[in-house]
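Asks: Structure below; questions to follow.
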Amino acid sequence: MPASPTASPAESPTVALFVTCLVDLFRPSVGFAAVKLLEQAGCTVEVPSAQACCGQPGYNSGDRESAQAIAKGVIAAFEGYDYVVAPSGSCGGMIAKHYPELFAGEPVWQPRAEALAAKTHELVSFLVDIRGMTAVGSRLEAVCAYHDSCSSLREMKVQAQPRLLLQSVDGLALRELEAPEVCCGFGGAFCVKYPDISNAMVADKTADIAQTGADTVLAGDLGCLMNIAGKLSREGSKIRAWHVAEVLAGVEAPPIAQAEAPGSRGGGGPGDGP
Amino acid sequence: MTELSPARFNEQAAAALKDAPLQRALGNMRVGFIEKRRKAAEKLPEFEALRDAGVAIKTHTLAHLDLYLEAWEQKVVDGGGRVHWARDAEEGRRIVLDICRAASARTVTKGKSMIGEEMHLNPFLEAHGIEPVETDLGEYIIQLRRETPSHIIAPAIHVNKEQVADAFREHHTGLPPDRALDEGPDLLAEARTQLRDRFIAADVGITGANFLVAETGSSIIVTNEGNGDLTQTLPRVHIVLASLEKIVPTLEDATTLMRLLARSATGQEMSVYTTVSTGPRREGDPDGPAEYHVILLDNGRSDLYGTEFQEVFRCIRCGACLNHCPVYGAIGGHAYGTVYPGPIGKVLSPALMGIDAAGKLPNASSFCGRCEEVCPMRIPLPKLMRHWREEEFGRKLSPAAVRRGLGLWAWAVRRPALYRFGARFAIAGMAFLGRRRGHLKALPLAGGWTAHRNLPAPQGGTFHDLWRRRKSNRRRDRR
Ligand code: SF4
C-alpha cells in the first residue's frame with residue numbers, strides 16, 4: 001500500500017534500518033518485514049553494516065561509559081540518513097530519548113545525539129505518523145491481542161498506530177487486554193536477574209491474553225514477544241505470537257517459539273522479500 | 001521471623017511470591033487503587049496542569065530550601081514551639097526520649113509517620129518503658145501483628161480481613177470470643193473502642209507531617225480517620241516528626257499539593273481530615289497541647305541535596321508509584337526490606353542506607369516507566385534508579401560476572417564484523433537445537449530464562465548475513 005497523499009509521496013526519503021540485536025540474531029523475518037513495509041511507504045531502505053547494539057544493556061546496568069562508546073558508533077553510522085527506523089520501541093527509544101541524555105553537556109556529541117534522536121522512529125509509528133500510511137494489503141485469519149511494550153507506549157507514544165494498520169489486515173480481529181499498560185516482565189536483563197518476579201509478571205500477561213479469547217498475540221518489540229511467546233510455549237498454549245511488522249507485511253515465518261504456523265507458508269527468509 | 005533486609009531482596013521476593021494470603025491481598029489492591037486514581041484524574045480536566053503547578057512549587061522551594069527552612073523555624077519558635085534538628089535516626093530517637101521523659105510519659109499515642117519508621121521508634125520507646133500506641137487503623141493492626149508497614153499510605157495493605165480479626169481476637173482479651181468480626185465496620189468499631197481509652201491516657205502524641213508551611217510555621221497532616229486530631233490535641237505534648245522535603249512556602253501551596261496528593265493516593269478529591277497545627281495552645285484556645293516540638297530528621301538527605309538525586313525531594317508520599325508498580329504488585333512491600341518500598345523506596349533507600357546496603361533495589365526494575373508516568377510530582381524514578389546503578393557500577397559493587405559479561409558485550413558490539421562472526425556460530429547452534437519445536441527448553445547460561453519459559457529458537461542465519469546475500473543475489477540477477 002503506498003503512502004497517503006498527505007505525506008508528500010513525491011519525496012522518497014532514505015531510511016536507515018536499525019535492525020536491533022534481537023531481530024538480527026533471533027528473527028531476521030522481522031527485519032525483512034520492516035524493509036518491505038518501508039518500501040511500501042515509498043522509502044529507500046539502507047542497512048548500515050556498522051551496527052550491532054544500541055547500547056541499552058550497558059546503559060541500564062549502570063555502565064555509562066561503554067554505553068557512550070557504543071552510542072558514538074551508532075551516531076556516526078546513522079546520522080547521514082534522512083531517518084532512522086527500528087522495529088522496536090525499546091531500541092528506538094534508546095536512541096530517540098536516551099542518547100541526548102547520555103551526552104548531556106558534551107559540546108560535540110550532545111548536538112549530534114539530539115540531531116539523530118530527532119529523526120529516529122519506531123517502525124509502525126513512522127509508517128503512520130510520518131509516511132501517512134493508513135492501511136496495508138496483507139491477510140491473516142486471526143483474533144489478535146495487541147501487547148503495548150512499555151517503551152513503545154511511554155517513550156515513543158505508540159498506541160493507536162499499530163491498531164490502525166492492523167484493522168486493515170484482511171481476516172484479522174483485534175481484542176484489547178484488560179491491563180494493556182502493564183509491563184510483561186521482560187525488561188532486558190531484568191528477566192534473568194530477577195527470574196521469579198519476571199515470571200509472575202509474564203504469567204499475569206499470558207493470563208490476560210488468554211482471557212481475551214485471542215488466538216494470536218502481537219507486539220512491536222521482539223524482547224517482549226520472546227518473553228510472552230516463551231511463556232505461552234512453556235504453558236502449552238496454542239496462542240501464536242508474531243511481531244506486528246510480520247503481520248502487516250504478510251506473515252512468512254512460523255510464530256515465535258513454534259515450529260510451524262498453521263496456515264502460513266513457513267520458512268521465510270531472505271529470498272521472500274519483494 | 002528473621003529481620004527483613006534489602007540485602008536479601010531476592011530471597012524475600014521469592015518467599016512473597018509463594019505467600020498465598022499476601023498474594024490474595026495484593027490482588028485486591030492492584031485493581032482498586034489504579035482504577036480510583038484514573039477516575040479521579042479523569043474527572044479533573046486540569047489534572048496535568050495541577051501536576052505542573054505542584055512540580056513548580058517544589059522545584060522553587062528546593063532551590064531556596066535554606067531560606068524557607070529558616071523562615072519556617074523562626075515562625076515555629078515565634079509561636080512558642082521548638083525545632084530539633086536530628087542528624088540521624090539515633091539522634092532523633094534520643095530527642096523523642098528526652099521530651100517524653102521530661103513529660104514523665106508512660107503512654108504515647110502515634111499518628112502515622114514514616115519518619116517514625118525511619119527512626120525505628122516503637123521498639124526503642126518500648127525498650128525504655130514507654131508504650132507507643134498506633135492510632136491509625138492500619139498501623140494499629142500491624143502493631144498488633146508486630147510488623148512494619150508494607151505500604152507508605154496503606155501500612156496494612158498486605159493483611160486480609162480474616163487476619164485482622166485473628167489479631168483482634170488474640171489481643172483484645174476480655175471481649176466475647178464469639179463476637180462477629182467478619183466485616184470492615186465490625187473491625188473498625190472494635191478498634192475505635194479499644195483506642196478511645198488510650199487517647200485519653202496518653203501523655204505525648206506523636207504525628208508525622210505531610211507539609212511544613214514556611215509562612216505560618218504550621219505542620220499539616222491529612223488522614224481519613226481523624227485519629228491524627230485526637231493524637232495531637234489530647235495529650236499535653238505534641239511531637240511532629242518530619243524531614244526537609246515537607247517544606248512548602250505557603251498554605252496556598254500546601255492546598256495545591258493536597259489536591260494532587262489525595263487524587264494520586266486514593267482517588268479522593270480531598271482526604272477526609274486535614275489538620276493544621278501551629279504551635280502550642282495559646283491564651284484563649286479551647287484546646288491544644290502545652291508543648292509543640294518538631295523533629296526534623298536528616299538521615300542522609302542533605303548529602304543528596306545539590307546532586308542529581310535532589311528531584312526525589314519533590315515526593316509527597318502519595319504511594320501512586322507503589323500502586324502502579326508491577327514489581328511491588330507481585331511481591332508487596334516487606335520483600336524490599338526497607339522502610340520505603342516500591343519505586344520511591346528504590347531511589348530513597350540507597351540514600352538513607354548506602355548503596356552497598358540497598359544496591360539490589362534500584363536494580364530490581366524492568367524500567368517499565370509506569371511509576372514516572374503516574375507520579376504527580378513527575379519524579380523521573382527510572383532515571384534515578386539508573387543513576388544508582390551507575391554509582392554501583394562505578395564503585396565496582398555490581399557482581400563481577402555481570403561486569404565481565406557487559407564488558408565483553410560492549411567490546412564485541414563495537415566491532416560489528418567480529419561480533420557478527422561470533423554471532424553466526426552461536427545462532428546456528430541454537431537454531432539447530434531448536435529446529436524441531438521452534439524453541440529450547442533449556443540452554444547453558446540461560447537458566448534465569450528457561451526456569452520459567454522456553455527460549456524461542458533463532459530462525460537461523462543473522463539478518464545481516466541474509467541481507468547481504470539478498471543484495472548480492474539481486475545484483476547478480478540484474479547482471
Ligand atoms: S515518588 Fe511520586 S508517585 Fe511515588 S510516592 Fe512520591 S510523589 Fe507519589
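The values are calculated or read from the model by the stated rules, or taken from the named source; none is laboratory data. Worth saying up front: this structure is predicted, and the values here are computed from it rather than measured. With ideal geometry, Cβ positions are generated from the backbone for all residues, glycine too; neighbour counts draw on all protein chains shown. Heavy atoms of the whole protein, side chains included, go into the accessibility calculation; ligands, DNA and RNA do not. Shrake-Rupley method; radii C 1.70, N 1.55, O 1.52, S 1.80 Å.
Asks: What is the percent of Cα-Cα separations in the protein assembly as shown that go past 35 Å?
Replies: Pairs farther apart than 35 Å: 50 percent.
Asks: Can you tell me the accessible area per residue over the range B:1-110, all protein chains present, probe 1.4 angstrom, in square angstrom? Please list the in-between numbers first.
Replies: Working: 6190 Å² over 110 residues.
In whole numbers, the range B:1-110 has 56 Å² accessible per residue.
Asks: Give the distance, in whole Å, between the Cα centre of the range B:400-479 and the Cα centre of the range B:272-339.
Replies: Using only Cα atoms, the two centres lie 49 Å from each other.
Asks: Next up: Show which aspartates and glutamates lie in cross-link reach of B:Lys441 when reach means a straight Cα distance below 18 angstrom and same-chain residues fewer than eight apart are skipped.
Replies: By straight Cα distance, B:Lys441 reaches A:Asp196, A:Glu235, A:Glu260.
Asks: Out of the DSSP beta bridges found with both residues in the range B:44-299, what percent are antiparallel (nearest 5)?
Replies: Working: 8 of 33 bridges.
That works out to approximately 25 percent antiparallel.
Asks: Largest first and in whole Å, what are the equivalent-ellipsoid semi-axes of chain A based on the Cα gyration tensor, each being the root of 5 times an eigenvalue? Can you show the working numbers first?
Replies: Working: eigenvalues 160, 113, 50 Å².
Value: 28, 24, 16 Å, ordered largest first.
Asks: Which are the unpartnered cysteines of chain B, meaning those with no other cysteine Cβ under 4.7 Å from their Cβ?
Replies: Cys with no partner Cβ under 4.7 Å: B:Cys100, B:Cys315, B:Cys318, B:Cys325, B:Cys375.
Asks: Continuing with the same structure: Rounded to the nearest 500, what is the 222 nm mean residue ellipticity of chain B from helices alone, with -39500 (n - 2.57) per DSSP H run of 4+ residues and division by all residues? The partial results should precede the final answer.
Replies: On the way: 24 runs with 255 residues, N = 479.
Mean residue ellipticity, 222 nm, calculated: -16000 deg cm²/dmol.
Asks: Once label points are set 7 Å from the Cα along Cα→Cβ at both B:Ala401 and B:Ser302, what is their separation, rounded to one decimal in nm?
Replies: It works out to 4.3 nm between the two label points.
Asks: Chains B and A: what accessible area do they bury, summed, in square angstrom to the nearest 100, with a 1.4 Å probe?
Replies: Working: alone 23920 and 11750 Å², together 30000 Å².
Its buried surface, counting both partners, is about 5700 Å².
Asks: Could you provide, to the nearest whole Å², the per residue accessible area of the range A:134-263 with probe 1.4 Å? All intermediate terms of the calculation are to be shown ahead of the outcome.
Replies: Numbers: 4200 Å² over 130 residues.
Averaged over the residues of the range A:134-263, the accessible area is 32 Å².
Asks: Residue by residue through the range B:347-356, which ³J(HN,Hα) values in whole Hz follow from phi under the Karplus form 6.51 cos²θ - 1.76 cosθ + 1.60 (θ = phi - 60°), with glycine and proline marked x?
Replies: Using θ = phi - 60°, the values come out as 8, 7, 4, x, 6, 7, 10, x, 6, 5 Hz.
Asks: Distance from a point 7 Å along Cα→Cβ of B:Leu418 to each backbone N in the range A:68-96: keep the residues under 19 Å and list them by number.
Replies: Flagged as within label range: A:68-74, A:77.
Asks: Then there is this: Take chain A, connect every pair of alpha-carbon atoms lying under 10 Å apart with a spring to form a Gaussian network, then pick out the residue of A:Met201, A:Met94, A:Met156 with the largest mean-square fluctuation.
Replies: Among A:Met201, A:Met94, A:Met156, the largest GNM mean-square fluctuation belongs to A:Met201.
Asks: What's the average, rounded to a whole number, of partner chain beta-carbon atoms within 10 Å of each residue's beta-carbon in B:6-17? Show your work: numbers first, answer last.
Replies: Numbers: counts 0, 0, 0, 2, 5, 1, 0, 4, 4, 1, 3, 4.
The shielding value for this peptide is 2.
Asks: To continue, here is another question. How much of the accessible area of chain A, in percent, comes from carbon and sulfur atoms when a 1.4 Å probe is used? Can you show the working numbers first?
Replies: Values: 4820 of 8940 Å².
Summing carbon and sulfur atoms, their accessible area is 54 percent of the total for chain A.
Asks: Still on this structure, I have one more. Applying a 10 Å radius around every beta-carbon, put B:253-262, B:304-313 in order of their mean neighbour count, most first.
Replies: Numbers: B:253-262: 20.7, B:304-313: 16.7.
Put in order of decreasing packing, that is B:253-262, B:304-313.
Asks: List the residues whose amide H sits under 5 Å from the amide H of A:Val217, counting only those 5 or more places along or on another chain, with H placed 1.01 Å from N in the peptide plane.
Replies: Those lying under 5 Å, H to H, from A:Val217 are A:Ala145, A:Arg240, A:Ala241, A:Trp242.
Asks: At 7 Å along the Cα-to-beta-carbon direction for both B:Ala428 and A:Ala259, put a label point, then send me their distance in nm to one decimal.
Replies: Going from the B:Ala428 label point to the A:Ala259 one covers 2.2 nm.
Asks: Determine the residues within the range A:21-50 where the difference in accessible area between the chain on its own and the full set of protein chains amounts to at least 50 Å²; count protein heavy atoms only and use a 1.4 Å probe.
Replies: Residues passing the criterion (a loss of at least 50 Å², heavy atoms only) are A:Asp24, A:Leu25, A:Phe26, A:Pro28, A:Phe32, A:Val47.
Asks: Could you work out, residue by residue across B:388-396, how many beta carbons of other chains sit within 10 Å of that residue's beta carbon, and then give the average as an integer? Intermediate results must be reported in sequence, preceding the final value.
Replies: Working: counts 1, 6, 7, 1, 2, 7, 4, 1, 0.
Mean inter-chain Cβ contacts per residue within 10 Å come to 3.
Asks: Please average, across the residues of B:414-421, the number of beta carbons from any other chain that are within 10 Å of each residue's own beta carbon, and give a whole number.
Replies: Mean inter-chain Cβ contacts per residue within 10 Å come to 4.
Asks: Right, another one. Magnitude of the Cβ-charge dipole of chain B, K/R +1 and D/E -1, about the Cα centre, nearest 20 debye? Kindly include the intermediate steps, with their values, before the conclusion.
Replies: Working: 66 positive and 57 negative charges, 1031 e Å.
It comes to approximately 4960 debye.
Asks: Let me have the 222 nm mean residue ellipticity of chain A computed from DSSP H runs of 4+ only, each contributing -39500 (n - 2.57), with the sum over all residues rounded to the nearest 500. Present the calculation step by step, with values, prior to reporting the outcome.
Replies: Details: 12 runs with 106 residues, N = 274.
The helix contribution divided over chain A gives -11000 deg cm²/dmol.
Asks: Another question, then. Tell me, what HN-Hα J-couplings in whole Hz come from the Karplus equation 6.51 cos²θ - 1.76 cosθ + 1.60 at θ = phi - 60° for each residue of the range B:469-475, using x for Gly and Pro?
Replies: Rounded to whole hertz, the list is 4, 5, 5, 6, 4, 4, 4.
Asks: Using modelled backbone amide H atoms (1.01 Å from N, in-plane), which distant-in-sequence or interchain residues come within less than 5 Å of B:Ile206's amide H?
Replies: B:Thr109, B:Lys110, B:Gly111, B:Ile239
Asks: Here is a further query. Which value, in Å², gives the accessible area per residue of the range B:402-478 when a 1.4 Å probe is used on the protein heavy atoms? Intermediate results must be reported in sequence, preceding the final value.
Replies: Values: 4530 Å² over 77 residues.
About 59 Å² of surface per residue is accessible.
Asks: Something else: Determine ³J(HN,Hα), in whole Hz, for all residues of the range A:223-234 in sequence, where each value follows from phi through the Karplus function 6.51 cos²θ - 1.76 cosθ + 1.60 and θ = phi - 60°; x replaces Gly and Pro.
Replies: x, 4, 5, 5, 5, 5, 5, x, 6, 4, 4, 5
Asks: Counting only DSSP beta bridges with both residues in chain B, tell me the antiparallel percent, nearest 5.
Replies: Details: 10 of 35 bridges.
Around 30 percent of the beta bridges assigned by DSSP in chain B are antiparallel ones.
Asks: What does the extension gain come out to for B:Lys383 and B:Val272, with contour length at 0.36 nm per residue minus their alpha carbon separation?
Replies: 36.5 nm
Asks: Given a 1.4 Å probe and every protein chain left where it sits, what share in percent of the accessible area of the range B:320-479 is carbon and sulfur? Walk me through the numbers before you get to the answer.
Replies: Numbers: 3930 of 6730 Å².
The computed percentage sits at 58.
Asks: Longer than 28 Å from Cα to Cα, which of B:Lys18/B:Lys360; A:Lys119/A:Lys205; B:Lys75/B:Lys110; A:Lys157/B:Lys396; B:Lys75/B:Lys112; A:Lys157/B:Lys36 are they? Say none if no pair is. Could you put the intermediate results ahead of the total?
Replies: Numbers: B:Lys18/B:Lys360 20 Å; A:Lys119/A:Lys205 32 Å; B:Lys75/B:Lys110 24 Å; A:Lys157/B:Lys396 36 Å; B:Lys75/B:Lys112 24 Å; A:Lys157/B:Lys36 24 Å.
With Cα atoms farther than 28 Å apart: A:Lys119/A:Lys205; A:Lys157/B:Lys396.
Asks: Report, to the nearest 10°, how far helix B:251-266 tilts away from the longest principal axis of the Cα atoms in chain B, using its own Cα long axis and a range of 0 to 90°.
Replies: 60
Asks: In addition: Please name whichever of B:Thr59, B:Cys368, A:Gly93 sits farthest to the positive end of the charge dipole of the protein assembly as shown, dipole taken about the Cα centre and charges placed at Cβ: Lys and Arg +1, Asp and Glu -1.
Replies: A:Gly93
Asks: Label-point separation (nm) for B:Lys39 and B:Arg317, each offset 7 Å from Cα along Cα-to-Cβ?
Replies: That separation, rounded to one decimal, is 2.7 nm.
Asks: State whether chain B is rounded, prolate or oblate according to the following rule on the C-alpha gyration tensor (a ≥ b ≥ c being the square roots of its eigenvalues): a/c under 1.5 gives rounded; otherwise a/b larger than b/c gives prolate, and the remaining case gives oblate. Don't skip to the end; give the middle numbers.
Replies: Values: a/c = 2.35, a/b = 1.84, b/c = 1.28.
Prolate, because a/c is 1.5 or more and a/b exceeds b/c.
Asks: With springs only between Cα atoms under 10 Å apart, run a GNM on chain A and tell me which of A:Ala113, A:Ala34, A:Ala173 wobbles the most.
Replies: Comparing A:Ala113, A:Ala34, A:Ala173 in the GNM, the peak value goes to A:Ala173.
Asks: By DSSP, what percent of the beta bridges with both residues in the protein assembly as shown are antiparallel, rounded to the nearest 5?
Replies: Numbers: 10 of 57 bridges.
Around 20 percent antiparallel, to the nearest 5.
Asks: Report the charge-dipole magnitude of the protein assembly as shown in Debye, nearest 20, computed about the Cα centre from +1 at each Lys and Arg Cβ and -1 at each Asp and Glu Cβ. Could the numbers behind the result be given before it?
Replies: Working: 86 positive and 87 negative charges, 754 e Å.
Computed about the Cα centre, the dipole is about 3620 debye.
Asks: Out of B:Ala451, B:Gln12, B:Ile220, whose Cα points farthest toward the positive end of the dipole of chain B (charges: +1 Lys, Arg; -1 Asp, Glu; placed on Cβ)?
Replies: Value: B:Ala451.
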